[in-house]
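First up is the structure itself, then whatever we jot down about it.
The values are calculated or read from the model by the stated rules, or taken from the named source; none is laboratory data. Not measured: the values here are computed from a predicted model. Because the Cβ atoms are built from the backbone with ideal geometry, glycine has one as well, and the counts that use them run over all protein chains shown.
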Amino acid sequence: MSLLEVRELTKRYGRRTAVEDLSFALDAGEILALLGPSGSGKTTTLRLIAGFERPDGGWLRLDGRLLGTPGRQLPPERRGIGYVFQEYVLFPHLNVYENVAFGLRRIPARERRERTQRVLEQVGLTAFARRYPHELSGGQQQRVALARALAPEPRLVLLDEPFSSLDAALREGTRSEVLGLLRRRGVGTLLVTHDQEEALAAADRIAVLREGRIEQIGTPEEVYHRPRTAFVAHFLGSTNLLSGTARGRVADTPLGPIELDRAAEGRVLLSLRPEHLELGAEGAPVVVEARYFKGHDVTLQVRGPAGSFRVQADYRLPFRPGDAARLRARERAVVLASPAERR
Ligand SMILES: Nc1ncnc2c1ncn2[C@@H]1O[C@H](COP(=O)(O)OP(=O)(O)OP(=O)(O)O)[C@@H](O)[C@H]1O
């Protein structure tokens, strides 16, 4: 049985539907990223799970126990869920130790002391126990917030953009420490982010949200390499869309015949990432329009009778704007779902 089960969860604000028919499951020790643009329903989903909002439809269970459904709503403090929300700041008048012990008020003093010390040690903050929040860096404050969420030993932790306020240098280290700790403790984690790189690097699975619905859910490799829709393909990096006529595993396209990742018949819309195209001696004629140096490689914008494309290339290749070249696919193209398949 999954740790968390969410079924057909729906939330409306007046006539606007913030979350619609959301269904997914999460296992113990698993990290699921909720990824989507602003307004796609990520925070509302966490608030429904935490119990700050009442659903208008559907239900959710944690460890088999019903937490929320339109007719029955368990209050947040009885759900056994830890959360670190962006706006969920530390108490400024309490030191680190007191902030973490705060959630353990109902536990006998000795156990409270032991648990607080243990969790501070786990997040590497024992030496900072007597400091106040304003005497800590952003990353340290984030770890205190996490320690406070973990102290009551929840089975599920909800993280809403917890790393977005940290600068790039601190972000990666803090993220892998924090998520590593959650994984080792077998805690299920829902991580809200609109940062695709963070989702790809840190999550076991990603649910891509669009207008309150899950557009696709899968491992980072699946959603990146086998996007079901143009929206997912574009949201997880850059891609080229190309239409063609499929005959089984091959399609005729303006770039010539291209192998497909699955069999199809008739009109198809294909996705080819910039790294799946190459410039060389063979293929459709194009002219290089722009060159963007990225350090480890370059992105070339090219145009020809077949259309306009972005191509990733080795930075040592001599292509410059104005050069003529030939373009071909070096990998199979992904067949995107037709409107009928998406329903
Ligand atoms: N309390 C509320 N009252 C009315 N509408 C709301 C409320 N909370 C959220 N919404 C609407 O619900 C939709 C989903 O919002 P939500 O905050 O869940 O999105 P999000 O994906 O978390 O966005 P962001 O990345 O900007 O935080 C939006 O259209 C938003 O305007």
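Taken over region 1-55, the criterion of being assigned to a strand (DSSP E or B), within 13 Å of the ligand (Cβ to nearest atom) and polar (S, T, N, Q) is satisfied by 10, 17. I'd like to check something: does region 158-169 contain any residue that is assigned by the TED database to the domain that holds residue 48 and more than 30 Å from residue 44 (Cβ to Cβ)? Scanning region 158-169, I find at least one residue that is assigned by the TED database to the domain that holds residue 48 and more than 30 Å from residue 44 (Cβ to Cβ), so the answer is yes.
For every residue, the table says whether it meets (1) within 13 Å of the chain's Cα centre (by Cα); (2) under 30 Å from residue 64 (Cβ atoms).
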site	(1), (2)
156	no, yes
201	yes, no
209	yes, yes
224	yes, no
242	no, no
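Would you say residue 153 is at positive phi and surrounded by fewer than 16 Cβ atoms within 10 Å (Cβ to Cβ)? It is true that residue 153 is at positive phi and surrounded by fewer than 16 Cβ atoms within 10 Å (Cβ to Cβ).
Within region 157-178, if we keep just the residues that are buried (at least 23 other Cβ atoms within 10 Å of the Cβ) and aliphatic (A, V, I, L, M), the residue that is farthest from the ligand (Cβ to nearest atom) turns out to be 178. Could you tell me whether region 257-275 includes any residue that is farther than 18 Å from residue 228 by Cα, acidic (Asp, Glu) and surrounded by 12 or more Cβ atoms within 10 Å (Cβ to Cβ)? The answer is yes, given that some residue of region 257-275 is farther than 18 Å from residue 228 by Cα, acidic (Asp, Glu) and surrounded by 12 or more Cβ atoms within 10 Å (Cβ to Cβ).
Checking each residue in region 300-325 for being modelled with pLDDT under 95, in a strand (DSSP E or B) and not small (Gly, Ala, Ser) picks out only 314.
Please go through region 264-299 and give me each residue that is free of Cβ contacts under 8 Å to residues at least 24 places away in the same chain, assigned to a strand (DSSP E or B) and not small (Gly, Ala, Ser), ordered by number. Those that are free of Cβ contacts under 8 Å to residues at least 24 places away in the same chain, assigned to a strand (DSSP E or B) and not small (Gly, Ala, Ser): 265, 292, 293, 297, 298. Within region 217-231, being touching a residue at least 12 places away in the same chain (Cβ under 8 Å), surrounded by fewer than 22 Cβ atoms within 10 Å (Cβ to Cβ) and not basic (Lys, Arg) holds for 217, 218, 219, 220, 224, 225, 229, 230, 231. Of all residue pairs spaced 6 or more apart or on separate chains, those with beta-carbon atoms under 6 Å, a first member in region 300-321 that is over 10 Å from residue 287 (Cα atoms) and a second member that is hydroxyl-bearing (Ser, Thr, Tyr) and assigned to a strand (DSSP E or B) are 310/299; 312/299. Among the residues of region 1-17, the ones that are surrounded by 22 or more Cβ atoms within 10 Å (Cβ to Cβ) and either within 22 Å of residue 218 (Cα to Cα) or of a type in the set (Val, Ile, Thr) (or both) come to 3 in all.
Within region 61-78, the residues that satisfy the criterion of being part of a loop (DSSP other than H, G, I, E, B), without any contact (Cβ under 8 Å) to a residue 40 or more places away in the chain and surrounded by 12 or more Cβ atoms within 10 Å (Cβ to Cβ) are 70, 74. Does region 190-203 include one or more residues that are more than 16 Å from the ligand (Cβ to nearest atom) and within 30 Å of residue 322 (Cβ to Cβ)? No, region 190-203 has no match at all.
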